[in-house]
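K.L.:
Pasting a structure below so you can have a look.
Just so it is clear, none of the values below were taken in a lab; they were calculated from the coordinates. Source: prediction; values computed, not measured. Cβ placement follows ideal geometry from the backbone for every residue including glycine, while neighbour counts extend to all protein chains displayed.
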Amino acid sequence: MTATTPHASAATGTAARSPAPVPAGGSDPVPELVRRLDELAVAGGPFSAEALGALDAREGFPAEACRALDEFGLPRYYVPVEHGGALDDFSTVMRLLRAVSRVDLTVAAAHGKTYLGAVSTWIAGAPDRATWLGRRIAEGAVVSCALTERHHGSDLLAGEVTAREADGGAGWRVTGEKWLINNITRADLVTVLARTDPAGGPRGFSLFLVDKSRLTSEQLNPLPKVPTYGIRGADISGMEFHDVRVPSDALIGEAGRGVEIILKALHLTRTGCVAMSLGAGDHALSLAARFTTTATTDDGTSISELPHVRRELGAAMAGLLLAEATGLVAVRAVHALTAEMSVVSAVAKAYVPAQVDDLVARLLHSLGPYGLLDADGHGRFAKLERDHRIIGIFDGSSLVNRNALIDQFARLSRGYRTGRQDEEGLDEATDLGARLRPFDPRALSLLSGTGASVVAGLPAAVDRVHDLAVTEAASDRLATLAERLRRATDRLHEEMAAVRFPPRAVPGHAFELAERYELCFAAAAALHLWLRRRDGLDEAWLRGCLVTALTELGEPVGETEREDLDILADALLSARPGTVPSLLDSLEGTVR
Amino acid sequence: MPESDVEIHSAQSLVRWLTECVAMHLARPADTIDASVPLSDYGLDSVYALSVIAELEDHLDVSLDPAIMWDNPTIDALSKALAEELALNG
Ligand SMILES: Cc1cc2nc3c(=O)[nH]c(=O)nc-3n(C[C@H](O)[C@H](O)[C@H](O)COP(=O)(O)OP(=O)(O)OC[C@H]3O[C@@H](n4cnc5c(N)ncnc54)[C@H](O)[C@@H]3O)c2cc1C
């Protein structure tokens, strides 16, 4: 693969310490975007609930909101600095897209898609093509990514869209239909996966960056918008390619490398999708907090004072914090544990959207009719519930990602048993104050060689908690919870090691093990983050996370331990209206 | 993972090890696996096939690019490529 090599060498020294994670590129754009979104959310603005709700109702595309994001300069953060953009830290893009998703998922999916469309070129394209694409994106070009076909979704090797070398080697001819693709009708450019060897196979496909503006309407036939359950305003459609001639330089990387490139690109985009789920989770919790503090029972008690409602809110808060811990560590791992992304991205994409779907469903339960009716003004809760469903389906469903984990069970269980891990990378990925090394796409690998350092590093992290408990820098309660997590993780890895199956016959119970693996990863991520925290981050949030993870792992958890969830509920209910506590609070200075 | 006492770095011994490994994954006798037939014919055509490389890496304690499996789709071709790779690294 002719991967571009933007950085001559990945930083290998100990992660440089800085007091706060100010992006290397200069000032942090996130608070500025949050401020801008607030301004645009006033009545009549393109980000107002009223405007977005009305568009959703008539399945209208949120063009004005997308334009406002263009004006803000968001597309620059989809383009790596070496190709002329502002992207030098993937956690910044994640926080930016999370901020947009907190307001509206349709807009986030429509705008953020350009990043998904471009990433194959960033990791495998020729440097001059990447620079050209970076310029186009800065000028406002929309880029889409077309993998799926009408009869082939998850199974990339089944694709029928074909590209043949044109006579005399003057480019390629693309024929066939891509369908159920975000933005393909609106897009200026489309990354297309096409079969280049009639026999197919993992070396039988190639990726092309197709410039639609160069093509005529006889060559391209856009298919009608597909009505969808959520993100109703988005351009979900398809495209027929009729013997479309594309120039030689449209090929991304080498011919035959399409599947390898896209699998590696998915390591980044699956991780990026987490931003949308976290934003939706923030939104759901802030709506729930507002409702429960304003609504009252018949005798005038605020609903938020009802013990079972508080408990539900606390559990949802803990769920979001676990999801956030996973997302933060995963996105930092893009830089710090790049070679492990086959595991990390699968965990992130399987776990975070599913976790947020769950917490939304739980909250809907406690909100009762309010959540589904227009009682919240513009049906925001119901909209986000519908909108969020897609996150667990596109870019590899939760099941597909669990399958990817199961394929790596043998390696993961061996690595856990021997404690194999990249200590330096783990330290950098889980210390929010550490400067991230530049991302090196050459380090991406189809299979993680080390396994997963986040999980393999759990036993040592638990030992550390025991040490802290001796000096009372950690509570005995935390030490007990951490110890139980370690034992559950030990047992899980023994079960994972015992899973054996012939190809394409993954046993059902392996998916349950994969779910438990995700929980162990999430809890381990939270523990590592807490151990490397810079400020007096309260221990209670970590205990709440561990209580939730242990409960979901099926471990018995007592009532006293569950009381930590009430502390999280109090944190949520006492937060500034419209805001939700986050592990990033102390870093962003705002809890929006 | 099949255990093997033989010195594994020759193409021939790699063929033996890989055949056993693949046979175990497919739950069928090793003598029914033809080393000159593409592994995809046995259903080993996806990322799943890469786990064979993972086992080999752990067994030999070396680091390989898993895609070597895709560039060398039969046990014979793979063994030859691996033997060359190991000789270079070794
Ligand atoms: C709103 C929307 C936007 C989309 N945007 C894009 C886009 O921009 N680009 C693009 O290329 N595609 C896009 N898609 C397509 C999407 O990626 C596919 O729908 C998805 O990959 C699933 O494919 P499928 O529908 O054919 O289901 P199938 O692949 O047929 O899967 C059916 C079911 O089987 C499960 N399954 C499949 N394989 C496995 C496995 N190995 N192990 C366990 N379970 C498995 C799936 O999770 C699913 O539940 C979009 C889809 C939607 C709905």
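K.L.:
Of A:ALA482, A:THR560, A:PHE521, which is farthest along the charge dipole of region A:471-575 in the positive direction, counting Lys and Arg as +1 and Asp and Glu as -1 at C-beta?
P.N.:
Positive-end residue among those listed: A:PHE521.
K.L.:
Taking the Cβ-Cβ separation of B:LYS80 and B:ALA27 as r and a Förster radius of 30 Å, what is the calculated FRET efficiency to the nearest 0.05?
P.N.:
Approximately 0.70, to the nearest 0.05.
K.L.:
Same structure again: About the Cα centre of region B:11-89, how large is the charge dipole given +1 on each Lys and Arg Cβ and -1 on each Asp and Glu Cβ? Please answer in debye to the nearest 20.
P.N.:
It comes to approximately 180 debye.
K.L.:
If I stretch the segment between A:ALA170 and A:GLU555 completely, what's the gain in nm (0.36 nm per residue apart, minus their alpha carbon distance), one decimal?
P.N.:
132.3 nm
K.L.:
I'd like the orientation of helix A:559-573 relative to chain A: the angle between its Cα long axis and the longest Cα principal axis, in ° from 0 to 90, rounded to 10.
P.N.:
So the inclination is approximately 60 degrees.
K.L.:
If you don't mind, another one. From the phi angles alone, apply the Karplus equation (6.51, -1.76, 1.60; θ = phi - 60°) to region A:473-480 and give each ³J(HN,Hα) in whole Hz, x where the residue is Gly or Pro.
P.N.:
Residue by residue, region A:473-480 yields 8, 9, 7, 5, 4, 5, 4, 5 Hz.
K.L.:
So, counting K/R as plus one and D/E as minus one, what does the shell of residues with Cβ under 12 Å around B:SER36 add up to?
P.N.:
Residues near B:SER36 contribute -2 overall.
K.L.:
Now for a separate question. Tell me which of B:VAL62, A:ASN183, B:ALA11 sits at the most positive position along the dipole axis of the protein assembly as shown, charges placed on C-beta atoms (Lys, Arg +1; Asp, Glu -1).
P.N.:
Checked the options; the winner is A:ASN183.
K.L.:
Please compute the modelled spin-label separation between A:ASP358 and A:ARG35, points set 7 Å along Cα→Cβ, answer in nm with one decimal.
P.N.:
Each label point is offset 7 Å from its Cα along the Cβ direction, giving 3.8 nm.
K.L.:
Would you please give the residues with an amide H less than 5 Å from that of A:ALA474, counting only those at least 5 places away or on a separate chain, with H modeled from the backbone geometry?
P.N.:
A:ALA469
K.L.:
I would also like to ask the following. Can you give the net charge of the other residues whose Cβ lies under 11 Å from the Cβ of A:LEU446, counting K and R as +1 and D and E as -1?
P.N.:
Once all neighbours under 11 Å are counted, the net charge is -2.
K.L.:
Taking H placed 1.01 Å from N in the peptide plane, check which residues at least 5 places from A:VAL210 or on another chain put their amide H under 5 Å from its amide H.
P.N.:
A:VAL190, A:THR191, A:VAL192
K.L.:
A 22 angstrom limit on the alpha carbon distance is what I want to check against. Which of A:LYS212/A:LYS383; A:LYS113/A:LYS383; A:LYS178/A:LYS383; A:LYS113/A:LYS212; A:LYS212/A:LYS349; A:LYS225/A:LYS383 exceed it?
P.N.:
Cα-Cα > 22 Å for A:LYS212/A:LYS383; A:LYS178/A:LYS383; A:LYS212/A:LYS349; rest within.
K.L.:
Using θ = phi - 60° and the Karplus relation 6.51 cos²θ - 1.76 cosθ + 1.60, list the HN-Hα couplings for region B:75-86 in order, rounded to whole Hz, with x at every Gly or Pro.
P.N.:
Coupling constants for region B:75-86: 4, 4, 5, 5, 4, 5, 4, 5, 4, 5, 4, 5 Hz.
K.L.:
In 5 Å bins starting at 0, how do the alpha-carbon pair distances of region A:24-141 split up by percent?
P.N.:
All Cα pairs, binned at 5 Å, distribute as 2, 11, 22, 22, 18, 12, 7, 4, 1, 0 percent.
K.L.:
Which net charge results for the neighbourhood of A:ILE231, defined as the other residues with beta-carbon distances under 13 angstrom from its beta-carbon, given Lys and Arg at +1 and Asp and Glu at -1?
P.N.:
Net charge in that neighbourhood comes out at 0.
K.L.:
Here's something else I'd like to know. To the nearest Å, what is the center-to-center distance of region A:501-516 and region A:54-109, using C-alpha atoms only?
P.N.:
Value for the Cα centre distance between the two parts: 36 Å.
K.L.:
Provide the per-residue ³J(HN,Hα) series for region A:258-274, in order, calculated from phi with Karplus coefficients 6.51, -1.76, 1.60 and θ = phi - 60°, each as a whole number of Hz, with x at glycine and proline positions.
P.N.:
Per residue, the Karplus-derived 3J(HN,Hα) values read x, 5, 4, 5, 5, 4, 6, 4, 5, 4, 7, 6, 4, 5, x, 4, 4 Hz.
K.L.:
Continuing with this model, one more query. Quick one: dipole size for chain A, taken about the Cα centre, charges +1 on Lys/Arg Cβ and -1 on Asp/Glu Cβ, in debye to the nearest 20.
P.N.:
Rounded to the nearest 20 debye, it is 1200 debye.
K.L.:
Separate question: If a/c stays under 1.5 just call it rounded; otherwise compare a/b with b/c (prolate if a/b is bigger, oblate if not). Do that for the protein assembly as shown, with a ≥ b ≥ c from the square roots of the Cα gyration tensor eigenvalues.
P.N.:
Note, shape of the protein assembly as shown comes out oblate.
K.L.:
On a 0 to 90 degree scale, rounded to 10, what angle separates helix A:409-418 from the longest Cα axis of chain A?
P.N.:
The helix A:409-418 is inclined about 50 degrees to chain A.
K.L.:
Rank A:ASN403, A:VAL81, A:THR162 by how far each Cα sits towards the positive end of the charge dipole of chain A (+1 on Lys, Arg Cβ; -1 on Asp, Glu Cβ) and give me just the farthest.
P.N.:
A:THR162
K.L.:
Could you check the spin-label model distance between A:ALA57 and A:GLU254? Points 7 Å from the Cα along Cα→Cβ, value in nm.
P.N.:
Here the answer is 5.7 nm between the modelled labels.
K.L.:
Ok, one more. Show that you can apply the helix-only estimate: for chain A, add -39,500 (n - 2.57) for every DSSP H stretch of four or more residues, divide by all residues, and state [θ] at 222 nm to the nearest 500.
P.N.:
Calculated from helices alone, the mean residue ellipticity at 222 nm is -17000 deg cm²/dmol.
K.L.:
I need to check one value: relative contact order of chain A, counting alpha carbon pairs closer than 8 Å and at least 6 residues apart, in percent.
P.N.:
16 percent.
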